[in-house]
1. Quick one: net charge around SER278, please, counting Lys, Arg +1 and Asp, Glu -1 for every other residue with C-beta under 12 Å from its C-beta.
2. Once both axes come from the Cα atoms, what is the angle between helix 149-165 and the longest principal axis of the chain, in degrees from 0 to 90, rounded to 10?
3. Using +1 on the beta carbon of Lys and Arg, -1 on that of Asp and Glu, and nothing else charged, what's the dipole of the range 10-137 about the Cα centre, debye to 20?
4. With every protein chain left in place and a probe of 1.4 Å, what is the accessible surface of GLU162, to the nearest 10 Å²?
5. Angle between the Cα long axis of helix 117-134 and the longest principal axis of the chain, 0 to 90 degrees, nearest 10?
6. What are the ³J(HN,Hα) values, in whole Hz, obtained from phi via the Karplus relation 6.51 cos²θ - 1.76 cosθ + 1.60 with θ = phi - 60°, for each residue of the range 277-285 in sequence order, with x given for Gly and Pro?
7. For the range 226-268, which GluC sites (Glu not before Pro) are both in a DSSP coil and crowded by at most 10 other Cβ atoms within 10 Å?
8. If I ignore ligands, DNA and RNA and count only protein heavy atoms, how much of LYS4 is accessible to a 1.4 Å probe, in Å² to the nearest 10?
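The values are calculated or read from the model by the stated rules, or taken from the named source; none is laboratory data. In this text, all values refer to a predicted model and were calculated from it rather than measured experimentally. Cβ sites come from the backbone with ideal geometry, for glycine too, and all protein chains shown count toward neighbours. In case anyone asks, the SASA skips ligands and DNA or RNA and just uses the protein heavy atoms, side chains included. Shrake-Rupley method; radii C 1.70, N 1.55, O 1.52, S 1.80 Å.
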Amino acid sequence: MKEKKEELSQMVTSILKSYGQHDIICNIDSTNRLNRKTIVELIDAIRYVLFPGYFEMRNLKSCSVEYHVGELLEEIQYRLKKEVVRALQHRISEEEMRLEMIEAEAEEIVTRFLKKIPQIRDVLATDVQAAYDGDPAAYNTDEIIVSYPGFYAITVYRIAHELYLSGVPLIPRIMTEHAHNRTGIDIHPGATIGKYFFIDHGTGVVIGETTVIGDYVKIYQGVTLGALSTRGGQKLRSKKRHPTIEDNVTVYSGASILGGETRVGEGAVIGSNAFITSSVPDQTRVSIKNPELLFKGRVQMAELGQEGFWKNEKE
């Protein structure tokens with residue numbers, strides 16, 4: 001028993017030593033640790049306000065909707081402010097930290113965000129319409145709101161983007177990475193995305209921080225709107241690294257469009273699996289030449305000595 005205690009003590013000492021050596025991955029004695037669970041719950045609460053009657057546990061009645069929204073806003077304001085206060089502490093040094101100033105800034109940010117909800121709803125309404133107009137498999141717009149992963153990712157992005165524009169650290173990225181984990185769609189909250197945006201299917205989509213997307217753009221699964229190179233690391237911060245996609249562009253599955261200088265012109269169509277690192281003019285169709293497909297029947301396989309690959313139907 002004594003030997004086990006000594007062994008455990010040695011392990012603790014070794015781990016504590018590691019903490020001292022690698023403080024970049026330690027957050028001890030911190031008052032600014034964000035609560036990821038709370039942030040995810042806030043996403044849900046904000047969606048209740050954005051889409052009344054769709055996600056509540058009970059039916060929402062007209063006679064009680066005013067009380068319902070007021071109660072939700074009060075909860076969101078209180079909980080979001082606490083997380084924003086913690087997040088803001090990440091961008092300043094301890095010497096500069098004055099809690100009352102941080103709390104005042106957080107209050108202003110959260111109030112501004114809540115006032116933006118009608119405008120966020122305006123844009124999301126166009127996204128729903130774009131999904132319905134662009135997908136013949138959609139039964140109605142309700143199906144898009146309650147079940148489409150692409151629309152969920154866009155909704156979370158629109159929420160996170162407003163906080164990003166207010167200079168809130170960490171929280172916007174936690175929000176979009178939650179959507180990424182849930183849907184397989186990775187949209188950086190710093191990207192600029194216009195109205196009537198539709199992601200069809202969506203799995204594997206990547207949209208980088210400095211991407212600019214116009215109105216009426218439709219993209220499919222596996223599309224990457226990324227940087228041409230990130231070898232410069234932190235030196236590239238705040239520089240335009242990702243492409244610009246103009247209005248009325250369609251990008252089909254598996255296409256990669258890379259680079260901050262790259263512009264895809266209005267009305268262009270980018271075919272599946274295209275790899276683009278230079279600008280595309282307006283109204284242009286880009287496609288990869290179809291590879292040659294080789295079909296071998298049973299006779300040809302036998303001539304190649306591969307008859308063993310086929311089973312006798314009588315066996």
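1. Values: positive: ARG263; negative: GLU261.
Computed value for this residue: 0.
2. In the chain, helix 149-165 runs at an angle near 40 degrees to the longest axis.
3. Its charge dipole is roughly 300 debye.
4. That residue has around 40 Å² of solvent-accessible surface.
5. 10 degrees
6. 10, 9, 5, 10, x, 4, 6, 10, 9
7. Those that pass, being in a loop and sparsely packed, number zero.
8. Spelled out: LYS4, probe radius 1.4 Å, area about 140 Å².
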